[in-house]
Amino acid sequence: MFYFLANINEEKHALAVIKLFSPPDNGLLQASSGAVLCCDALEEYVVVKIQNILSVVAMIPHHLNGQLHHFVVERMGLDIAFLTGTSETINEE
C-alpha cells in the first residue's frame, strides 16, 4: 500500500494505491471453519480515498501445492516485532 496526497480540482485528497487479491479459497475457508483465508495476488492495483479504507491486513506469502498464495493476517503489530531477532540494550548512566 502506498499513501499520497493529490490535488484534484484544487482540493487536496489523501489517497492510497492498493493491490487487489482474489476472494478466499472457499474449500479451505470451509474446511478451517472460517479461520484460514487463502487468496491469490492479482496483477491489478486501484487508487482509493483513505476515508474508504475500513481495515488494513497483511497478506503473507506461502506456497501450497507448489503454487504461491497469500494468507490474510489481521492485526499484525508489535507481536511480530519479536520475530525479527533484533534487540536493544539500554545503558544506565
(request) For segment 19-26, take each phi angle, set θ = phi - 60°, evaluate the Karplus expression 6.51 cos²θ - 1.76 cosθ + 1.60, and give the result in whole Hz per residue in order, putting x for glycine and proline. (result) 8, 8, 10, 5, x, x, 4, 5
(request) Using only C-alpha positions, report the orientation-averaged shadow area of the convex hull of segment 1-76, nm², one decimal. (result) 6.2
(request) Taking amide H positions as placed in the peptide plane 1.01 Å from N, state which residues far from PHE21 in sequence (5 or more) or on other chains have amide H under 5 Å from it. (result) LEU42
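Bear in mind these aren't lab numbers, they're just calculated from the coordinates by the rules spelled out. Fair warning: this is a prediction, and the values are worked out from it, not measured in the lab.
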